[in-house]
Each structure stands twice: as C-alpha cells, then as structure tokens.
Amino acid sequence: MSTALKTSPAGSRALLYVSLAAVIEGFDLQAAGIAAPKIGPAFHMTPQQMGLFFSSATLGLMIGALIGGYTADRWGRRAGLLIALVAFGFASIATIFATSVEALVVLRFLTGVGLGGALPNLVSIASEAVGPERKGRAVALMYAGMPLGAAVASLVALLDLHGGDWRSIFLVGGVLPLILVPFIYMGLPPLKMAPATSGQKAPWTEVFRPDSMVATLLLWSAFFLGLMVVYLLMNWLPQLLVAQGFSRSEASFALILYSLGGAVGSLIGGRVLDGRQRGIAIAASFAFVAAALAMLGLLQPALATMLFTVTLVGVGVLCVQSILYGIAPQCYPAEIRGTGVGVVVAVGRLGSMAGPLLAGVLVAQGITPAGVMLVLVPVILVCGLGTLALVARRFRPVLA
C-alpha cells in the first residue's frame, strides 16, 4: 500500500502542491497556442509544419501518460511527478533556444512527454490524499487547476502581457514547474508502493485482466469521447465564434470564460461523484452539457447570450470530465493505480486528437458553427451513457 497521506496536514499539503502543478500544466498546454501567431512567422512555418508542431505535443502527452503511470507504481508518486515536472520544465525552457522548425517539433514533443507524465501522478496523489468519502472532490480540486491555468494563459494572450515575445511564454512555462520541484520534494513523502509479493501480477497484466475488460473499455470510451469534446471546443471555439460574426477579442474573452467556467464545473463534478445520489447526479450533469451545447448551437448570435452560454458549456463540459478523472483512480487498486490511470489518460489523448480533426472535417464540408455544436450533443450523451454503465457495473471505491 502507499504511504498514508490521510492525516489532515499531509493531505492538505499534497492537494495544494498537486493543484499548483495542475495550474502550471494548464498554462503550459496553452503555451503553444499563445505563441503560434508569433512563432509561425518567425520560423516561416507552413500550415503543415504548424500542425506538426501542435500534434507533436499531443503524441508526447500520450507516451508521457503511459510512462508517468508506470513510474508512479514502480518508483512512487512523488518520484514520478518530480521527473515529469523537471522534464517539461527544461524542455519548455530549451524551446526558446530552438533555431529550426525540426528543433521546435522535437522540444514540443519532449514537453508533451513531461506534461503527459505528470497527470497520472497528479490524479493518483489527489485520490490518495483523502479518505474514501472525499476522493472525488480531491481529484476535482486538482483538476480545476488545469482550466484555471489555461484561463491565465488565455488572459496573457488577450492582454498581450507577454509583449508579443513568444519566448517569454515558454520561459515562464518552464521556470514555474522547476520552482515547484523543491517544495514537492521536501513536502511530500515518497508515496512508494510496497514491494510486490511473488504471486502478484505485473501492473500491465492487471490492467488488462479479462474479467475487468468490460469496465476498462467503458472507462476508455468515456474518456475518449469526453476529451474529444473538451479539445474540440478548446481549439475551435474562437474560430467558430469568429465565423458567426464575433470579433477575435470577443472570441478570446469567450474562451477565458469557458476555462473559468470549467474550473467551477470541475469542483461541482467532485461533489457530484461523492454524493449519495451519484447516478442521478451524473445523469443530470451530462444532460446539462447536452442542453448547453444545444443552446450554443440554436440561440441567435448575440454577444451577451453567447458569453453566458459559453460559460455554461465550460461549467458542464469540465464538470463531467472531472467526474471521469475522479472515477478513474477508484477503478484500480493502489498497487496499479498509476499504470491504470496512465493508460486511461493515454486513450483519452486519442480523443483530444480526434476532436479538432472532427471539427476540421465538419467545417471543410460546409457545416456551420451552430451545426458543429449540435454534432457534439449526441457525442456527449453517448459519453454519459458509458459513464453511467461504468458506475452501475464496476464503480466500487478502492481503499488505498
């Protein structure tokens, strides 16, 4: 079993550190998007090269999630998180010294590996920092840091606080995790798992055990569809709003409200997961997201209405995603929790790639921005059905 963190001071300190790390991760995930308008002309990047620059980070996130999850179980949560923070910190700083497109792509890939490696450790630490009755809220508190960090990054771009210098974005994104490293090293116990018994199966064998594959596939499908919606909106929402007639500054402000709403929604998701009427509350949460997306697609494009509806979408989408992140660590025993969550996060990253691609295909086929929003309604409802099936079939809090 892992080193106990359930005493109040240690648990609170753990939640503080992982929440700060999540804010930094959210900022770094948005860094490339903020730098893109300047970094593209600086390196004379073609659209294909820009796409490769973005997709290299996504590939890195997938690989990093698998590595980070295994590291969490093999050498401990603290070690896994520290390695990930150092990795994406130094890779982000090194980006400012890149002199070619190839170097940018490689360094963004390495940054993605570090970012991906951090998340399974953050989820595992948050889940293990509290007692079983508060696991959902603890993971939600951590996860709320990611949209909050994204909102900060979007605000920096909107107000031009980086002075138009793309290097400063990557410098800040690299220095912040390195500052946090000594605090985590001194403030958290190693959280290393006890040595495996001779009869204990390897983590990968346990994760893919035949008698648990139905629950695992439900979890994977829910993550895939959920992150498809999250990243489609994160990447395409400003462009879709501009296509509806809003200015770029209005669209950028809407993205900030979407992220801030997401931070609030994440906290709500934690309370939903820990509540007594869990199934009903989860069903209501997914219904709320579907209704908000439909509103965004059907209502007339007026600024006040759009901003309000986008905020509701952010609240709902990140609420249900927070529920999924809260469920994931409770589906695996402590000995393989990092590996299990890492695989789930990696599968979810496939959805994060599919979402923007889906939007691109729909727009290329002449689908209106309103139509794109409406396409997401059945996607989120199917995600909700999978989540409810998972809760009904396999959701049993695992005591660590």
I need the chymotrypsin sites (Phe, Trp or Tyr not before Pro) found in the stretch 53-113, filtered to DSSP loop residues with at most 16 other beta carbons within 10 Å of theirs.
PHE97
How do ARG74, ARG248, ARG137 rank by accessible surface area computed with a 1.4 Å probe, from largest to smallest?
ARG248, ARG74, ARG137
Largest-first ordering by accessible area, 1.4 Å probe, given options ILE327, ILE280:
ILE280, ILE327
Kindly report the accessible area of the stretch 40-122 per residue (heavy atoms of protein chains, probe 1.4 Å, no ligands, DNA or RNA), in Å².
38
Which FRET efficiency, nearest 0.05, do SER247 and LEU217 yield, Cβ-Cβ r, R0 35 Å?
0.20
Of the heavy-atom accessible surface of the stretch 236-364 (probe 1.4 angstrom), what whole percent is carbon and sulfur?
70
Virtual paramagnetic centre 7 Å along Cα→Cβ of LEU155, amide N under 15 Å, in the stretch 247-268
253-264
Any chance you could look up the accessible area of ARG393 with a 1.4 Å probe, heavy atoms only, rounded to 10 Å²?
140
Output the relative contact order of the stretch 1-124, whole-number percent, from Cα pairs under 8 angstrom with separation of 6+ residues.
32
Treating only the Cβ of Lys, Arg, Asp and Glu as charged (+1, +1, -1, -1), what charge dipole size does the chain show about its Cα centre? Round to the nearest 20 debye.
900
Using heavy-atom solvent-accessible surface (probe 1.4 Å) with all chains present, what is the largest-first order of SER259, SER221?
SER221, SER259
Accessible area of the stretch 82-172 belonging to carbon and sulfur atoms, whole % at 1.4 Å probe:
73
Scalar couplings 3J(HN,Hα) for the stretch 235-241 by Karplus 6.51 cos²θ - 1.76 cosθ + 1.60 (θ = phi - 60°), nearest whole Hz, x for Gly and Pro, are 8, 10, 4, x, 5, 5, 5
Tell me the relative contact order for the stretch 81-158 as a rounded percent, counting alpha carbon contacts under 8 Å between residues six or more apart.
27
Could you work out the relative contact order of the chain? I mean the mean sequence separation of Cα pairs under 8 Å and 6+ apart, divided by the number of residues, in percent.
26
Can you give me the solvent accessible area of ILE67 with a 1.4 Å probe, rounded to the nearest 10 Å²?
90
So for the chain, taking the charge dipole from beta-carbon charges (+1 Lys/Arg, -1 Asp/Glu), which of PHE286, SER19, VAL214 sits furthest toward the positive end?
VAL214
Please work out which option in [x] 18.4; [y] 24.0; [z] 27.9 gives mean projected area of the Cα convex hull in nm² calculated from these coordinates, and answer with its label.
[x]
Probe 1.4 Å, protein heavy atoms only - accessible area per residue of the stretch 331-400 in square angstrom
38
Evaluated at q = 0.12, 0.14, 0.27 Å⁻¹: base-10 log I(q)/I(0), Debye formula over Cα of the stretch 293-373
-0.53, -0.67, -1.21
Restricting things to Cα coordinates, could you compute the convex hull volume per residue of the stretch 211-316 in Å³?
102
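The values are calculated or read from the model by the stated rules, or taken from the named source; none is laboratory data. Just so it is clear, the structure is predicted and the values come from calculations on it, not from any experiment. Neighbour counts run over all protein chains shown; Cβ positions are idealised from the backbone, glycine included. Side chains are part of the model used for accessible areas, which takes the heavy atoms of the whole protein and leaves out ligands, DNA and RNA. Shrake-Rupley method; radii C 1.70, N 1.55, O 1.52, S 1.80 Å.
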